[in-house]
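Peer 1: The following block contains the structure, expressed as structure tokens.
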């Protein structure tokens with residue numbers, strides 16, 4: 001059974017950075033793209049960006065350009081999301097998600113990582 | 001950028017009802033659309049992809065239709081476990097970009 005297991009919650013201060021990991025178990029890591037999606041408290045889903053391990057490429061949503069870095073490590077079947085220059089508005093649950101082969105819908109999701117930004 | 005607009009934002013219904021949620025795209029997105037169900041404190045769950053394909057393991061009371069700019073999610077004979085928030089998502093397999101609708105909360109009447 002394919003699973004995505006994310007790192008644990010982290011409290012961060014404004015201006016700092018956070019790096020969240022997402023490890024895949026089962027399946028073939030390089031056969032899929034992996035996205036990061038966040039959800040602020042009581043709000044909807046916001047797509048942040050994607051890494052495509054097979055091509056070694058990444059794409060970011062416009063609003064995160066310059067402070068978001070998504071990477072993938074094939075040797076450990078893990079993807080990482082690093083967001084810098086955090087503000088209170090970055091308080092959210094961060095999810096990783098795998099794209100279904102043959103389409104780009106997200107068939108497998110991580111459990112989510114809560115990142116409160118607080119002074 | 002393509003915008004996705006869901007309606008209604010909130011929907012009240014009873015067990016056994018049939019409901020429909022609509023998602024409109026600001027321009028044609030062919031059938032590059034998925035629907036997700038999310039319960040409080042949980043990750044979203046894929047229900048429908050490519051506008052009308054049922055994800056494996058999802059009950060057949062869930063159905064999706066539409067193309068280009070207008071899409072619907074229909075849930076027939078609502079069950080207690082169906083009360084949740086539903087999101088549509090546009091994806092582009094060429095640009096790898098994604099956009100979510102703002103969500104529809106389905107609550108018990």
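The values are calculated or read from the model by the stated rules, or taken from the named source; none is laboratory data. Here the structure is a predicted model, which is why all the values come from computation and not from measurement. Using ideal geometry, Cβ is built from the backbone for each residue, glycine included, and neighbour counts are taken over all protein chains shown.
Peer 1: What number of residues within the range A:97-107 are at pLDDT 95 or above and under 12 Å from residue A:36 (Cα atoms)?
Peer 2: 3
Peer 1: Right, another one. Taking the stated definitions as given, is residue A:72 farther than 22 Å from residue B:38 by Cα and crowded, with 21+ Cβ neighbours inside 10 Å?
Peer 2: Values: farther than 22 Å from residue B:38 by Cα: yes; crowded, with 21+ Cβ neighbours inside 10 Å: yes.
Considered against the rule, which asks whether it is farther than 22 Å from residue B:38 by Cα and crowded, with 21+ Cβ neighbours inside 10 Å, residue A:72 comes out as yes.
Peer 1: Only one of (1) over 14 Å from the mean Cα position of the chain (by Cα); (2) crowded, with 18+ Cβ neighbours inside 10 Å; (3) on the phi > 0 side of the Ramachandran plot fails for residue B:29. Which number is that?
Peer 2: Result: residue B:29 fails condition (3) only.
Peer 1: Of everything in the range A:80-92, what is assigned to a strand (DSSP E or B) and either more than 14 Å from chain B (Cβ to nearest Cβ) or surrounded by fewer than 20 Cβ atoms within 10 Å (Cβ to Cβ) (or both)? Give them in sequence order. Outline the logic, then answer.
Peer 2: The first filter runs over the range A:80-92 and keeps only residues assigned to a strand (DSSP E or B), leaving A:80-83, A:92.
The answer is A:80, A:81, A:82, A:83.
Peer 1: Here is a further query. What is the number of the single condition among (1) touching a strand residue (DSSP E or B) at 6+ places or on another chain (Cβ under 7 Å); (2) touching a residue at least 12 places away in the same chain (Cβ under 8 Å); (3) buried (at least 16 other Cβ atoms within 10 Å of the Cβ); (4) at positive phi that residue B:73 does not meet?
Peer 2: (4)
Peer 1: Here is a follow-up. I need the full set of residues from the range A:1-42 which are in contact (Cβ under 8 Å) with a residue 40 or more places away in the chain, within 12 Å of chain B (Cβ to nearest Cβ) and either surrounded by fewer than 12 Cβ atoms within 10 Å (Cβ to Cβ) or in contact with a helix residue (DSSP H, G or I) (Cβ under 6 Å, 6 or more places away or on another chain) (or both), in order please.
Peer 2: Passing the criteria: only A:41.
Peer 1: Exactly one condition in (1) without any contact (Cβ under 8 Å) to a residue 40 or more places away in the chain; (2) in contact with a strand residue (DSSP E or B) (Cβ under 6 Å, 6 or more places away or on another chain) is false for residue B:60; which is it?
Peer 2: (2)
Peer 1: Right, next: Quick one: in the range A:43-59, of everything that is within 18 Å of residue A:86 (Cα to Cα) and surrounded by 19 or more Cβ atoms within 10 Å (Cβ to Cβ), which residue is farthest from the chain's Cα centre (by Cα)?
Peer 2: Taking the candidates together, the pick is A:47.
Peer 1: Moving on to the next point. Tell me which residues, restricted to the range B:9-38, are away from chain A (no Cβ under 14 Å) and farther than 27 Å from residue B:93 by Cβ.
Peer 2: B:11, B:12, B:13, B:14, B:15, B:16, B:17, B:18, B:19
Peer 1: Further question on the same structure: Give me the residue from the range A:100-119 that is farther than 17 Å from residue B:58 by Cα, at the interface with chain B (Cβ under 8 Å from one of its Cβ atoms) and more than 12 Å from the chain's Cα centre (by Cα) and, out of that set, surrounded by the most Cβ atoms within 10 Å (Cβ to Cβ). Let's see the steps before the verdict.
Peer 2: Going through the range A:100-119, the residues farther than 17 Å from residue B:58 by Cα turn out to be A:101-104, A:110-119.
From the residues that got through so far, the ones that are at the interface with chain B (Cβ under 8 Å from one of its Cβ atoms) too are A:103-104, A:110-112.
Still in the list and also more than 12 Å from the chain's Cα centre (by Cα): A:103-104.
Values: A:103: 17, A:104: 24.
Once the filter is applied, the top-ranked residue is A:104.
Peer 1: Being assigned to a loop (DSSP other than H, G, I, E, B) and either at the interface with chain A (Cβ under 7 Å from one of its Cβ atoms) or more than 18 Å from residue B:69 (Cα to Cα) (or both) is the filter here; which residues of the range B:95-109 pass it?
Peer 2: Once the filter is applied, which keeps residues that are assigned to a loop (DSSP other than H, G, I, E, B) and either at the interface with chain A (Cβ under 7 Å from one of its Cβ atoms) or more than 18 Å from residue B:69 (Cα to Cα) (or both), the range B:95-109 yields B:95, B:96, B:97, B:102, B:103, B:109.
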